[in-house]
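Below is one structure, written out as structure tokens; the observations come after it.
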Amino acid sequence: MKRILITGGSHAELPLIQAAQRLGLYTITTGNNPEGLGHQAADRYVPADFSDQARILQLARDEQVDGIISGCNDFAYLSAAYACAQLGFPGHDAPETAAVIHSKDKFRAAMRQCGLRTPRTAVCTSEADVRRACAEIGLPIVIKPVDLTGGKGVMICKDAESACQQYRAALAWSRQTRVLAEEFISGGSYGASVILKEHRVIAAVFGNELYYLNPYLVSGACTAADLSAAARERLCRDIETLSQSLGLCGGLFHTQFVLDADGVPVMIDPCRRAPGDLYIRFAQYVTGIDFADLIVRSELGMPLPEIPQAEERFIARMCIMTDGNGRFGSIRMDSDVKEHLIDSLIWAKPDEPIRDYLKYKAGIVFLEYPDAASLYAAYRDFHSLVQIDRKELD
């Protein structure tokens, strides 16, 4: 039985672990949190910091693995790419290419070099740089770390003073010494996951993104029934152009994007690893294509099966969140939600403390509706239909 290392082991990695096990692979997970649900599902768990590239390389050698699959974190992908390059394993970009994709400023530069639409940006290493960016790019302006995801350290700023304040906050979050100031493009937020093979998109899924109380943290996704065929085709062409320019390997490419005033999709934050919160399970429900299987095969250099014709079911993947701190009590779910429930994963534990409700997630549910109208109605009202009953903190 071939042994593989997965650089992660939370609930987000469960589809990858299960797909690998269906292929008869012995799965070894790693990460700092031993309570991760993925570790419990894997064949073996070895504690290690998956952002430590040298440690991941040594772990792969110690465990004598035959391949590495990236977990659902940018640093997990960077470590996987580094270790694979050192060991001669296929399925990941060269480390310098991975650094371009997963560094927001380098990615913007690569997009401009390809002639693709991208927000105007400025790299800032001082407050003077921030003030200059505000004057040149205009307000409002987005200030963000160059190296983090999940909305960490990101803010839309309406004036130079708040931009300078956010610059300091973004630096505190980041592992880097530079921050990105970026043009704010208003419009609906979307996500797309595609599978690349020889720089061509062979499978794709598109979703609307929902934000709850935290405007920078995605709390849900649903079938993007409102996204035109032209926008989908344009985004896929842009990804293919970028893939050819950078020499990307086959496998998953995920990006958040917005539509500008002309309806042109503008990529915002891309990654080469699976997005979190079971997004690839959402992708499978929407399209009927087993994205987890395709990711595992691609990252191990295995042949890909014939991909079925994609369908488009009306699916919502929603994170269960709350509007205040306390202790977790129970989940109240409206009868309409229960009627449309097709899958769920709840990891909250009784009486566990909720200390940062803007980031806290108790679990995930998947819902299916017969048409776009009913899907969007439930999607908009989800957080009033599914609520967490809280107890007081001690």
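Data overview
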{"quantity": "Reduced Cα scattering model of the stretch 189-391, Debye log10 I(q)/I(0), q = 0.08, 0.10, 0.12, 0.17 Å⁻¹", "calculated": "-0.29, -0.45, -0.64, -1.15"}
{"quantity": "Pair Arg44, Arg3: separation of 7 Å Cα→Cβ label points (nm)", "calculated": "0.4"}
{"quantity": "In nm, spacing of pseudo-spin labels at Asp52 and Met302 (7 Å Cα→C-beta vector)", "calculated": "3.0"}
{"quantity": "Beta bridges by DSSP in the stretch 120-183, antiparallel share as percent, to the nearest 5", "calculated": "100"}
{"quantity": "Sum of side-chain charges, Pro265 neighbourhood, beta-carbon under 9 Å (Lys, Arg +1; Asp, Glu -1)", "calculated": "+1"}
{"quantity": "Per-residue [θ]222 nm for the chain (sum of -39500 (n - 2.57) over DSSP H runs n ≥ 4, rounded to 500)", "calculated": "-10500 deg cm²/dmol"}
{"quantity": "Per-pair calculated FRET efficiency, R0 = 56 Å: Asn33 and Ala128 via Cβ, rounded to 0.05", "calculated": "0.90"}
{"quantity": "When each of Lys104/Lys152; Lys144/Lys197; Lys104/Lys361 is checked by Cα-Cα distance, pairs over 20 Å", "calculated": "Lys144/Lys197; Lys104/Lys361"}
{"quantity": "Formal net charge of residues neighbouring Asp62 (Cβ-Cβ distance under 13 Å; K, R +1; D, E -1)", "calculated": "+3"}
{"quantity": "Candidates Asp238, Asp226, Asp262, ranked by Gaussian network fluctuation over the chain, Cα under 10 Å, top entry", "calculated": "Asp262"}
{"quantity": "Largest-first principal axis extents, alpha carbons of the stretch 120-183, Å", "calculated": "27, 20, 20"}
{"quantity": "Reachable aspartates and glutamates from Lys106, criterion Cα separation under 16 angstrom, eight or more residues apart if same chain", "calculated": "Asp74, Asp93, Glu96, Asp147, Glu182, Glu183, Asp269"}
{"quantity": "Two-decimal log10 I(q)/I(0) for the chain, as the Debye equation yields it once each C-alpha is a single scatterer, q = 0.09, 0.13, 0.14 Å⁻¹", "calculated": "-0.53, -1.18, -1.37"}
{"quantity": "Backbone N within the stretch 351-382 under 13 Å of label point (7 Å from Asp323 Cα along the Cβ vector)", "calculated": "381-382"}
{"quantity": "Rounded FRET efficiency, nearest 0.05, which uses the C-beta distance separating Glu311 from Lys106 and R0 of 35 Å", "calculated": "0.45"}
{"quantity": "Cα-based radius of gyration of the stretch 1-51 once divided by 2.2 N^0.38 Å, which approximates compact folds", "calculated": "0.98"}
{"quantity": "Surrounding net charge for Ala203, when Lys and Arg each add one and Asp and Glu each subtract one, Cβ distance under 14 Å", "calculated": "-3"}
{"quantity": "For the stretch 194-264: Kirkwood Rh in Å [reciprocal of mean 1/r, alpha carbons]", "calculated": "13.4"}
{"quantity": "Rg over Rh, two decimals, the stretch 269-365 (C-alpha only, Kirkwood Rh)", "calculated": "1.06"}
{"quantity": "Overall Cα dimensions of the stretch 3-101, principal axis frame, Å, largest first", "calculated": "33, 24, 23"}
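Computed from the coordinates by the stated procedures, all read-outs in this text should not be read as laboratory data. Computed from a predicted model, the values in this text were never measured in an experiment. No Cβ is skipped: glycine too gets one built from the backbone with ideal geometry, and neighbour counts run over all protein chains shown.
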